[in-house]
Every structure is written in structure tokens, then in C-alpha cells.
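Asks: Here's a structure for you.
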Amino acid sequence: MYQILPTPRLSARIGGIGRVRLLPFYNRTAFPGEKASACLTAFSDYADRAFSLLFEEGEGGLTLEKDASLPFGGYALIAGIDGKVKLAASEEEGLSHGLATLLLAAEKAEDGKALSLPLLHLCDEPQGSWRGLMVDVARKFHPIRFLYDTVDLCWLYKINRLQLHFTDDESDTLPSEAFPKLPTAGRHYTKAQLTALDEYAASRGVTIVPEVDMPGHSTPFGKAYPELFGSHGILCSEEKTYKALETLIAEVASLFPNAPYLHLGGDEAQIARWERCPGCQAYCREKGIASTQELYAHFLSRVTNYTLSLGRTPILWEGFAKEYNHLISKKTLVIAWESYYQIAPDLLEGGFSLLNCSWQPLYIVTPTRHWEVSEILDWNIYTWRHFWEKSVASKRDITVSEGSPIVGGQLCAWGDRLVEYPSNEQAAREEFALIRRRLPALAEKTWNIHSDLSSELFEELYAHTDALLDKLLRRD
């Protein structure tokens, strides 16, 4: 087995166990375009960090081919007995994945002027279309360099979605021209920083998914603009609030032009507080809304429909009542996580596609709660578990049938306890250590959803891949 995580789905040794010398050049004549060029620039950057070899366009090295017959995200990598190395993909995400595999399979040649690859023939593709990581940067602000490290980590393990939880009760870390009082002083990113990060991620096959949590987890909104968003600890459901949110949603979408998704939260909202708001009650009477649960679904319907009108796919946490599933567009992707508000079978029956973020074993709450690699390797995208006694999944595993519209899985790193750390730097560093240990296991179980990779073999492969990651991470 090659020392690659996630493990390639189809591999064969060809022509024995010799090696192929790869000079630091690539021919991309058959794979044109600015996006492909950006992927190769990123690969050259990584090759320089890992092996002190900058790849440039030229003959005698890696040959690239654009092959429309290959599946999205997939690639074919051949290092043959003829001494030639070829990489084919149908699009740029697959190209990035193939380049990551190439770097994991490579060693530096003895003369230091080339890479050395084993003879190999890989034809690889993901089974899960969503292989994700979420990082909470709102409860404890993360220095921007850690987000770059996180993108590098995602690139190596073919994680194609990075959700950033930008807003919560502790802070709003997004810049805003429309609402300049909204960003939390001393703990928000600039537009230039996010533009650069979005481009950096896109060139590495990683899609950033921005999240603005609503209507709960939204204290900064009410503090900055109570006249628009209310002051009850939950966003109001009034026409003026919806108009303000539409402006904000459009602004966030423009910050991330490479993101086809926009996460709108929808979890753990204290909706009973709407009952004390005269404006919200007047809105209910006007719209004929009979209950707070119906108002909750109505709120989510308003913001998701507007997001769809922008050409973006909205995402929500499992948090609304199944009696009102019919109010929310089935184009909305729903994250099933706690198996408390609704369970996965109910959401599927309601017509939604799901992303599995099962609390157990996919949550990290540094440093108090996280799960071992072996538990992630024992999980699959059709299963939900939980330790919390109020969750249905604490009594029994919740499973759905294979072939259900489950797009994949995502590891979630939450900052609830990070606020206790004395510095942002220390908090982000310790969280990253837990993520880098567990994300490769998530990658394995979403790339190969039927993987039976043992913990022992995983550890052997991880020793190699993590050593390479250490070379890829920036030191500045």
C-alpha cells in the first residue's frame, strides 16, 4: 500500500518495484486555463516547502491531461516504466487532489535535483462529494495565519470544504461596509484578508463556506443595531430586519466569490423571546403565523429563499421542527448533527439532502471533548451517534439506508472552551493539533465511505503524511 491518506480507491503496481525520476517541470498544454495555472502554482509552492524544488512550465517532467471521462474530483496518476509521469483530471479540484497524491508518493532524488516516485498506476475518485472541516473563529478569534495552515491541511488530505463559523454571541469577525458597527473591535478580519484567503483556498481545490449564524447566536447584531435586529438576544422577525439581513447576506456572498454555498445557521435559537417582541407579534398577525415554531421556519424560509435568489445554496443546521419542513426549500442543504431537533430520517422524509456532522465522533471542543481516531474510523456517513442523554442518538445509533442523499461528512471544531485560553495564538495552536490528528480519518471515511482501514494501518500511513504536512506549514 502506498503511504497516502485518504487511501486511493484503485491502485496497481506496474512493471515491478522500480522508481521514476521526475524533473521539476510540467507540461500543461492539454490542461489550459487560469484555474489550472493557479493549482500548479500552489503545487510548486508546496514542492518548494517540502523538497526545495520549484516546478516550472517546461518539458521532461509532469505531463497534464484534461480528461472529461474522469469523475468530478477524481484523477489518474501514472508513473510508468517508460520513465514518464502523467496526471489526468476532468477539472481543477481533481487536479489538486492528484497533485496532493503525487507529493505524498514522492521522495527527493539523491542528487537533490528531482523527485523520485515509485512505479504506480492510480485511478482515484471520491465517494463523498462533501469532505469538510468547520472551524469556529467567532468564540475565540483565530489569527489569519492559522486559517492558511488549515487550508494547507485540507489540501493535503483532499478536504474540499472549509466552513468558517464567522459569527456567534461572542463576536462578529466579518467586515461590513453596509453595517460598519457590526464587526467586533479588535477581533475581525479585513476584506483584503478574506479575499486573499478565498483565492488561496480556491487554488487548492478548497471551497470556503462562510457562516453567519441566525436568528440565534447573534448577540453582536442586537448590540450594534438594535433598531434593525432587536435587543432580545435573537434577531427579530420583522420586515425591516429581513431587509437588513438581505443586504448583509449579499455582502457576505460578495466577499467569497468562489463559494457556491452560504451557511445561515438556524440552530439553538431562543425563539420564545419573539413572544415578548411587539414588532415580531405584529408581523405574525400580518402574515397569519400561528406559533413560534412556524415563525422560526418562516424566518429560515425568508433567508434561504433570498440566498437562493443570489445563486447560492443555503445551508442550515438541524434546528427547526419537522411539522414545518414544507416551508423550507428543498434546495437547502441541512446539517444533521445533534439528533435532537430532528433526526436524519425525518429530514430525509421531508425531502432534504443532508450533511453528516454527527456530534460523536465528529465534534472537537478543545480541550474538553473530542473523540479518538479509532471512533472516526468506525463511523460512516449514514450513521449518527451522541453521548447526550436528550439526543435520540444516545439511546441507539441512527442509521439511514445507503443511497440516501447524504452528501458526505464534516469534522467540527468549536470554540466554546477556547475562550478560557490566555491568547488567541495558544488557543488556535492547540485546536489545530487536535484537528490535524483527526481530519485524515474523516478524509478516509468520506473519500472511501466503505473503508475498513484499521487503526494500526492508519497510524502507519499517518506517520508519513503528517511528517510531510509539517514541512508544508509556513513558519512565518
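The values are calculated or read from the model by the stated rules, or taken from the named source; none is laboratory data. Computed from a prediction, not measured in an experiment: that's the story for all the values here. We place every Cβ from the backbone using ideal geometry, glycine too, and count neighbours over all the protein chains shown. The area values use the complete protein model at the heavy-atom level, side chains included, leaving out ligands, DNA and RNA. Shrake-Rupley method; radii C 1.70, N 1.55, O 1.52, S 1.80 Å.
Asks: With a cut-off of at most 14 other beta carbons within 10 Å, and DSSP calling the residue loop, which GluC sites (Glu not before Pro) in the stretch 31-97 qualify? Please list them. It would help to have the intermediate numbers written out before the result.
Replies: Numbers: sites: 34, 56, 57, 59, 65, 91, 92, 93; in loops: 59, 91.
Passing both the DSSP loop test and the Cβ count: 59.
Asks: Output the pairs from 113/158; 243/445; 158/243; 181/390; 66/158; 191/390 with a Cα-Cα distance over 30 Å in this structure; if there are none, say none. Walk me through the intermediate numbers first.
Replies: Details: 113/158 27 Å; 243/445 41 Å; 158/243 38 Å; 181/390 38 Å; 66/158 19 Å; 191/390 41 Å.
The pairs that break the limit, which is 30 Å between Cα atoms, are 243/445; 158/243; 181/390; 191/390.
Asks: Loop-only check: which GluC sites (Glu not before Pro) in the stretch 174-245 are DSSP coil with at most 16 other Cβ within 10 angstrom? Write out the running numbers ahead of the final one.
Replies: Numbers: sites: 177, 199, 211, 227, 238, 239; in loops: 177, 238.
Sites meeting the loop and neighbour criteria: 177.
Asks: Could you please state how large a percent of the accessible area of the stretch 33-161 is carbon and sulfur, counting protein chains only and using a 1.4 Å probe?
Replies: Details: 2050 of 4250 Å².
Of all accessible area on the stretch 33-161, carbon and sulfur atoms account for 48 percent.
Asks: Taking amide hydrogens as modeled 1.01 Å from N in the peptide plane, which residues meet the under 5 Å criterion relative to residue 353, leaving out close sequence neighbours?
Replies: 334
Asks: Next question, about the same structure. If you keep only loop residues by DSSP, which trypsin sites (Lys or Arg not before Pro) in the stretch 103-149 have at most 16 other Cβ atoms within 10 Å of their Cβ?
Replies: Working: sites: 108, 113, 131, 139, 140, 145; in loops: 113, 139, 140.
Passing both the DSSP loop test and the Cβ count: 113.
Asks: Go through [x] 50; [y] 62; [z] 54 and flag the label whose value is the computed percent of Cα pairs over 29 Å apart for this structure.
Replies: Working out percent of Cα pairs over 29 Å apart from the coordinates points to [x].
Asks: Next up: Could you name the aspartates and glutamates whose alpha carbon sits less than 17 Å from that of residue 471, not counting residues in the same chain fewer than 8 places away?
Replies: Leaving aside aspartates and glutamates fewer than 8 places away in the same chain, those within reach of residue 471 are 45, 48, 107, 149, 152.
Asks: What value, in deg cm²/dmol to 500, does the helix sum -39500 (n - 2.57) over DSSP H runs of n ≥ 4 give at 222 nm once divided by the residues of the chain? Walk me through the numbers on the way to the answer.
Replies: Working: 14 runs with 169 residues, N = 476.
The per-residue figure over the chain is -11000 deg cm²/dmol.
Asks: Let me ask something else about it. Which lysines have a Cα lying under 21 Å from the Cα of residue 331, excluding residues fewer than 8 positions away in the same chain?
Replies: 322
Asks: A further question follows. May I ask for the longest run of the chain untouched by chymotrypsin sites (Phe, Trp or Tyr not before Pro) that are loop-located per DSSP and have at most 15 neighbouring C-beta atoms (other than their own) within 10 Å? Numbers along the way, then the final one.
Replies: Details: sites that count: 72, 387, 388.
Longest stretch, sites excluded: 73-386.
Asks: Tell me which cysteines of the chain come out unpaired when the rule is another cysteine's Cβ under 4.7 Å.
Replies: By the Cβ distance rule, which asks for a partner under 4.7 Å, the isolated cysteines are 39, 123, 154, 236, 284, 357, 412.
Asks: How large is the accessible surface per residue of the stretch 394-476, computed with a 1.4 Å probe and reported in Å² as a whole number?
Replies: Numbers: 3720 Å² over 83 residues.
With all protein chains present, the stretch 394-476 gives 45 Å² per residue.
Asks: Any chance you could check the Cα centroid distance between the stretch 313-392 and the stretch 188-240 for me, in angstrom?
Replies: Distance between centres, Cα-based: 22 Å.
Asks: Now, a different point. Between residue 20 and residues 5 or more places away or on another chain, which pairs have amide H atoms under 5 Å apart, with H built 1.01 Å from N, and which residues are they?
Replies: Residues meeting the criterion, in which the H sits 1.01 Å from N, are 117, 119.
Asks: Quick one: compute the contact order of the chain, relative version, from alpha carbon pairs under 8 angstrom and 6+ residues apart, as a percent. Kindly include the intermediate steps, with their values, before the conclusion.
Replies: Working: 1020 pairs, mean separation 71.9, N = 476.
Dividing the mean separation by the residue count of the chain yields 15 percent.
Asks: Please compute the per residue accessible area over the stretch 236-358 with all protein chains in place, 1.4 Å probe, rounded to a whole number of Å².
Replies: Ligands and nucleic acids excluded, the figure is 37 Å² per residue.
Asks: I want the antiparallel fraction of DSSP beta bridges within the stretch 144-296, as a percent rounded to 5. Write down the numbers at each step before the final one.
Replies: Values: 1 of 8 bridges.
Of the beta bridges lying entirely in the stretch 144-296, close to 10 percent run antiparallel.
Asks: Please work out how much length the chain gains when fully extended from residue 388 to residue 34, using 0.36 nm per residue of separation minus the C-alpha to C-alpha distance, in nm with one decimal.
Replies: Numbers: separation 354, 0.36 × 354 = 127.44 nm, distance 4.82 nm.
Gain on stretching residue 388 to residue 34: 122.6 nm.
Asks: Taking a ≥ b ≥ c as the square roots of the eigenvalues of the Cα gyration tensor of the stretch 94-151, is the shape rounded (a/c under 1.5), prolate (a/b larger than b/c) or oblate? Intermediate values should be presented prior to the final figure.
Replies: On the way: a/c = 4.97, a/b = 1.65, b/c = 3.01.
The shape class here is oblate.
Asks: While we're on this one: Pop a pseudo-label 7 angstrom from the Cα along the beta-carbon direction at both residue 450 and residue 464 and give the gap in nm to one decimal.
Replies: Output for this residue pair reads 2.4 nm.
Asks: State whether the stretch 343-476 is rounded, prolate or oblate according to the following rule on the C-alpha gyration tensor (a ≥ b ≥ c being the square roots of its eigenvalues): a/c under 1.5 gives rounded; otherwise a/b larger than b/c gives prolate, and the remaining case gives oblate. Please report the intermediate quantities before stating the final value.
Replies: Values: a/c = 2.13, a/b = 1.40, b/c = 1.52.
Judged from the Cα gyration tensor, the stretch 343-476 comes out oblate (a/c at least 1.5, b/c at or above a/b).
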